[in-house]
1. Which one of Gln121, Gln140 is free of Cβ contacts under 8 Å to residues at least 60 places away in the same chain and either open to solvent by less than 70 Å² (accessible area, probe 1.4 Å) or not charged (D, E, K, R) (or both)?
2. Please pick out the residue among Leu127, Leu117, Leu110 that is closer than 16 Å to Cys170 by Cβ and out of contact with any strand residue (DSSP E or B) (no Cβ under 9 Å at 6 or more places or on another chain).
3. Which number in (1) under 25 Å from Trp44 (Cβ atoms); (2) surrounded by fewer than 17 Cβ atoms within 10 Å (Cβ to Cβ) marks the one condition that Phe215 misses?
4. Among the numbered conditions (1) modelled with pLDDT of 95 or more; (2) over 25 Å from Leu120 (Cα atoms), tell me where Val69 comes up short.
5. Any residue in the stretch 92-103 that is in contact (Cβ under 8 Å) with a residue 60 or more places away in the chain sitting within a Cβ distance under 7 Å of a residue that is of a type in the set (Asp, Glu) and more than 7 Å from the ligand (Cβ to nearest atom)? List the pairs, counting only those 6 or more apart or interchain.
6. Can you give me the number of residues within the stretch 193-213 that are part of a helix (DSSP H, G or I) and within 10 Å of the ligand (Cβ to nearest atom)?
7. Only residues that are among the charged types (D, E, K, R), within 23 Å of Ser159 (Cβ to Cβ) and more than 8 Å from the ligand (Cβ to nearest atom): list them for the stretch 68-100, please.
8. Quick check: is even one residue across the stretch 164-171 within 13 Å of the ligand (Cβ to nearest atom), without any contact (Cβ under 8 Å) to a residue 40 or more places away in the chain, part of a helix (DSSP H, G or I) and open to solvent by less than 10 Å² (accessible area, probe 1.4 Å)?
Amino acid sequence: MFEPYLEELHESIELHGGELISLPSDFARRVSKNGNACIRNWLWQVPGFRRWRVTRLDAGNNLQVLNSVAYPDYSNDQPLMGIDLLWFGARCKLVAVLDFQPLVQDEIYLNRHFQGLKSLQGLFPELSNKEIMRSFDPHQYFSPWLLFCRGGEDQAKDSLPKAFTSFLNCYWKLQDYSSGSISKISSDEVMRLQIAYDIYSAERDPAHGLFTSYFGKQWTDRFLQEFLFPAASTKGP
Ligand code: BLA
């Protein structure tokens, strides 16, 4: 069910000059041992970004995932772009999270970068942030205006397609604006904060067990270290 979102995301990245970087074949596509799950990954080189990754997991009726994170160049202190869409078909449960993930939580930073996302929250009340976070701290690397819902199919059918398009457009607008203005946070500090994001996410990511169950521990550990959160294990860019 997330295939149209994947296509839209990839078209949008290409439109903004994105080019695919080749990946090890077992990251590009891997099927689980018993054939019940297939994961595909893409890594993009996009002007203005140091890294943009996309993951699609198709485990049939059990689970569908679209996950993506965009890391801006260190010279730009704008938030990361985070997408996490999950559909647990057997339980008809949707978890949808779309956020501009802030590097810091101070008011000046939030005012500078979040006017766009703030206005989206009003347009999509079904996706407004009323959920409780279990694994993550909502005050670290999440914004007060994230689009977040745990719901049923209705949310997905009705508002998610529109919200997804608006969210992407809104992020490109922010990128347009921020890349033309001078960052308030130094490049060294942006680098430190982006690395801290990977370390934090690698520690908290609720997907580790899920990937292990489909693809085994060895592959999953490598996948987290080398593809999902590479900065968590390298200490440098
Ligand atoms: C929750 N994300 C989850 C959950 C899973 C994943 C299994 C728990 C579902 C539930 O709450 O019922 C899955 N996370 C993944 C997968 C990947 C991953 C498959 O990183 C990797 C491919 N998560 C992100 C990003 C955001 C994000 C970029 O990876 C930001 C938009 C948010 N995911 C996010 C949030 C929750 C979540 C806020 C709820 C967590 C909580 O309750 O604390």
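1. Values: Gln140 fails: free of Cβ contacts under 8 Å to residues at least 60 places away in the same chain.
Step by step, each of Gln121, Gln140 is checked, and only Gln121 is free of Cβ contacts under 8 Å to residues at least 60 places away in the same chain and either open to solvent by less than 70 Å² (accessible area, probe 1.4 Å) or not charged (D, E, K, R) (or both).
2. Numbers: Leu127 fails: out of contact with any strand residue (DSSP E or B) (no Cβ under 9 Å at 6 or more places or on another chain); Leu117 fails: out of contact with any strand residue (DSSP E or B) (no Cβ under 9 Å at 6 or more places or on another chain).
Selected residue: Leu110, the only one of Leu127, Leu117, Leu110 that is closer than 16 Å to Cys170 by Cβ and out of contact with any strand residue (DSSP E or B) (no Cβ under 9 Å at 6 or more places or on another chain).
3. (2)
4. Tallying (1) modelled with pLDDT of 95 or more; (2) over 25 Å from Leu120 (Cα atoms), Val69 fails exactly one: (2).
5. Partner pairs satisfying both residue conditions: Cys92/Glu153; Leu94/Glu153; Leu103/Asp77.
6. So the first thing to find is which residues in the stretch 193-213 are part of a helix (DSSP H, G or I), and the list is 193-204, 208-213.
Subsequent filtering for residues that are within 10 Å of the ligand (Cβ to nearest atom) retains 197, 201-202, 204, 208-211.
Residues in the stretch 193-213 being part of a helix (DSSP H, G or I) and within 10 Å of the ligand (Cβ to nearest atom): 8 in total.
7. Going residue by residue through the stretch 68-100, those that are among the charged types (D, E, K, R) are 73, 77, 84, 91, 93, 99.
After this cut, where a residue has to be within 23 Å of Ser159 (Cβ to Cβ) as well, the list is 84, 91, 93, 99.
Selection gives Arg91 alone.
8. For the stretch 164-171, residues within 13 Å of the ligand (Cβ to nearest atom), without any contact (Cβ under 8 Å) to a residue 40 or more places away in the chain, part of a helix (DSSP H, G or I) and open to solvent by less than 10 Å² (accessible area, probe 1.4 Å): absent.
The values are calculated or read from the model by the stated rules, or taken from the named source; none is laboratory data. Bear in mind that the values here come from a model prediction, so they are computed numbers and not experimental data. Neighbour counts are summed over all protein chains in view; Cβ atoms, including those assigned to glycine, are modelled from backbone coordinates with ideal geometry. Note: areas computed on protein heavy atoms with side chains; ligands, DNA, RNA excluded. Shrake-Rupley method; radii C 1.70, N 1.55, O 1.52, S 1.80 Å.
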